[in-house]
Amino acid sequence: MGRRERSEMVNMSILMMMMMMSSTLMTMVDSSRLVQRASDDSEILRRHLLANGLGVTPPMGWNSWNHFSCNINETVIKETADALVTTGLSKLGYNYVNIDDCWAELSRDKKGKLVPKKSTFPSGIKALADYVHSKGLKLGIYSDAGYLTCSKTMPGSLGYEEKDAKTFAEWGIDYLKYDNCNTDGTRPTVRYPVMTRALMKSGRPIFHSLCEWGDMHPALWGAPLGNSWRTTNDINDSWLSMISIADMNEIYAAHARPGGWNDPDMLEVGNGGMTKDEYIVHFSIWAISKAPLLLGCDIRNMTKETMEIVANKEVIALNQDPHGVQAKKARMEGDIQVWAGPLSGYRVALLLLNRGPKRSDITAFWDDIEIPPNSIVEARDLWKLVDGFQSRMLMNNGLALTPQMGWNSWNHFQCNINETLIKQTADAMVSSGLSARGYKYINIDDCWGELKRDAQGNMVAKASTFPSGMKALSDYVHSKGLKLGIYSDAGTFTCSQTMPGSLGHEEQDAKTFASWGIDYLKYDNCFNTGTSPKERYPKMSKALMNSGRSIFFSLCEWGQDDPATWAGDIGNSWRTTGDIQDNWKSMTTIADQNDRWASYARPGSWNDPDMLEVGNGGMTREEYRSHFSIWALAKAPLLIGCDLRSMDKVTFELLSNKDVIAVNQDKLGIQGKKVKKDGDLEVWAGPLSKKRVAVILWNRGSLPANITAGWEDIGLHSSAIVNARDLWAHSTHSGVKKQLSALVEPHACKMYTLTRRKA
């Protein structure tokens, strides 16, 4: 059989693909050789690493130079730190906030110390470091192994290494980028060790990044001196520059390892000089090359596209893999390249790269990427598909990993609200035990504010109903272990016309809400001047992300412009329907409308069919049970809409059902949907974690009826045997085969979780 006829290959006809490969049939390996090699590698690392304990994986964070050059100040740095947190990037590992050139005065002080530039860093670097550290981040700074830095606007550290290292340590600096301009002509192998020794004596672990531009091949000598070393000159925001630098850096692949990394310069993703595909290539090569992932754009104003690239968890995982082996080119044919590198857990990272102008087939053979020839693998595409669904962008504020739970004032009280009611509701949420079930948000709807803003243009809490103000109310709610939500409108007025909307005041209002300690914003759609919601809602989303506080963003757009198709990157939930009414017809109609958008719900962003009416008196007990069950299965927000202070036993029993709540809060986060309909008899179902299935048998008719869910209806294999847990009867039917049937009363439902048994 010829080489190209064998099965051990991957053939893809796309521009660029990165895959992670994991052997499912393990071949025999000489374990004694592996143990000896691991021991040898460990000894090599021990001898050659800079002994500061840093850089075990490549550094991740942000650097000011690529986007801002010398146009930096302490406000930019603080806002960038805030943005790293609010976008969720810090949770993905981006933890360094690195100030590049131009931060200091041209002259040192009388004691010979570097001085932060008064016009741009008036609070000083120590105060800035404290601020960055308060966000759970680390602060980096820049100097130069010469007399002046490259900008010639501030002194270098040549001859001042010990003094500057001690100064950096006193300020709380965590990272030093050390450049190579305006030197005395001595070799970098003479100048860089001096700063290394100074940093090691400073009393603080400081990541040492050698920015020597690769002139003297620092990969050959940098490991004992620094945690990373530049292998190339400065990158430019263009395809030619990026791809050339990738080639230059790849030459030194064998020299990278945990504690010391090749550095091909910062990322240009998001700066506008390349296409989306080119930026994906850029980020992929840097990740697989174990390069530092230092963002170089303005992360305060990142686009959806940029965030989608730099927040790819699986690509980041390649970069941060503990095995720490830099990938390299395994095969080249003209503009077609295969890059590959080993990962922990007997896996391989693979990059199929088309550097040419035309679409091409690219094949990676097992012998190219050092996989045993008879291996069968699972190939995970890290960009195009995620678990079989098109990869979609989420609002990166770290919220709504499961649907929100709490209470909202509108359904029961409408405009008849005041601070006493809100406090009593918070008290009732705790004393009833509902907060222990997961109900955490206390959300104030319309009518809380004065009709006019104050002299500074700020929204003002209504003095007659909220005399203590929202900050005091927020503090009270937080003291109960709960969260406070508030309401505004993407128009000139709210729907009640009793208070102003936020249109044109988005930044100001978001900052006001953050200063009050608000945790949730319901954002309505009245008096919107006829402007598209696709223009109005992103403005508030951006304002909230810039507010310095993580605020859940609930879009109340009523489903008019199909927000499920566009709101996932700007909100945590979006209304798919008009307002619910406390009656059977309204509830069932809204359930059907919401079901249409099931495929768009996922952790971080949820379809919202409006608040719960359970307990308000307009439906029967069984109708409310159906209401709560369908909302739970549909991964809808569980926002109670009744008066918690006086709810009856039936209402509490419905709202507090742990098993039903668990379906709603299941970590898999896939919305259940209608899978079978026979007149008024319906089966709704959805997958849960641990290979379980949630099922509802729903009778929407006027007579009792038997309803059957066959395994083919709900995605189970025909041979599956399950235990069926009745979530309302709190009983289990064991060993159920082929189908699930039950007699269901009119307007009632049966709800189950099915757990597979071994045959």
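Remark: pairs (first residue in region 147-168, more than 20 Å from A127 (Cα to Cα); second residue among the aromatic types (F, W, Y); Cβ separation under 6 Å; 6+ apart in sequence or on different chains) = G156/Y147; L158/Y147. Do we find a residue being basic (K, R), open to solvent by less than 50 Å² (accessible area, probe 1.4 Å) and touching a residue at least 60 places away in the same chain (Cβ under 8 Å) anywhere in region 169-177? Yes. Taken over region 367-383, the residue count meeting the criterion of being in contact with a helix residue (DSSP H, G or I) (Cβ under 9 Å, 6 or more places away or on another chain) and not in a strand (DSSP E or B) is 3.
What about G222, is it in a loop (DSSP other than H, G, I, E, B), farther than 21 Å from A51 by Cα and open to solvent by less than 20 Å² (accessible area, probe 1.4 Å)? Spelling it out, it is not the case that G222 is in a loop (DSSP other than H, G, I, E, B), farther than 21 Å from A51 by Cα and open to solvent by less than 20 Å² (accessible area, probe 1.4 Å). Of all residues in region 566-583, those that are more than 12 Å from P603 (Cα to Cα) and touching a residue at least 12 places away in the same chain (Cβ under 8 Å) have Cβ atoms under 6 Å from Cβ atoms of residues that are part of a loop (DSSP other than H, G, I, E, B) and open to solvent by 30 Å² or more (accessible area, probe 1.4 Å), 6 or more apart or on another chain, in R575/W558; G578/W558; D582/N616; D582/G618; N583/G618.
Considering (1) among the basic types (K, R); (2) assigned to a helix (DSSP H, G or I); (3) out of contact with any helix residue (DSSP H, G or I) (no Cβ under 7 Å at 6 or more places or on another chain); (4) more than 15 Å from M60 (Cβ to Cβ), the lone condition that K78 does not fulfil carries the number (3).
Within the set M248, M195, M200, the sole residue that is touching a residue at least 24 places away in the same chain (Cβ under 8 Å), farther than 17 Å from N63 by Cβ, buried (at least 20 other Cβ atoms within 10 Å of the Cβ) and of a type in the set (A, V, I, L, M) turns out to be M195. Restricting to region 695-724, and then to whatever is closer than 15 Å to A742 by Cα and in contact with a helix residue (DSSP H, G or I) (Cβ under 8 Å, 6 or more places away or on another chain), can you tell me which residue is surrounded by the fewest Cβ atoms within 10 Å (Cβ to Cβ)? Ranking the qualifying residues of region 695-724, first place goes to R700.
Checking region 131-140 against the condition returns a match, with at least one residue being crowded, with 24+ Cβ neighbours inside 10 Å, at pLDDT 95 or above and outside any helix (DSSP H, G or I).
Filter region 161-200 for residues that are assigned to a loop (DSSP other than H, G, I, E, B) and in contact with a helix residue (DSSP H, G or I) (Cβ under 9 Å, 6 or more places away or on another chain) and give the result. Selection gives G172, I173, D174, N180, T183, D184. Output yes when any residue across region 102-109 is within 17 Å of G172 (Cα to Cα) and part of a loop (DSSP other than H, G, I, E, B), and no when none is. Scanning region 102-109 turns up at least one residue that is within 17 Å of G172 (Cα to Cα) and part of a loop (DSSP other than H, G, I, E, B). So which residues in region 489-515 are polar (S, T, N, Q) and within 15 Å of C447 (Cα to Cα), if there are any at all? Within region 489-515, T492, T494, S496, Q497, T498, S502 meet the criteria.
The values are calculated or read from the model by the stated rules, or taken from the named source; none is laboratory data. Bear in mind that the values here come from a model prediction, so they are computed numbers and not experimental data. Cβ sites come from the backbone with ideal geometry, for glycine too, and all protein chains shown count toward neighbours. Ligands, DNA and RNA are stripped out before the accessible areas are found, and what is left, the full protein with its side chains, is counted by its heavy atoms. Shrake-Rupley method; radii C 1.70, N 1.55, O 1.52, S 1.80 Å.
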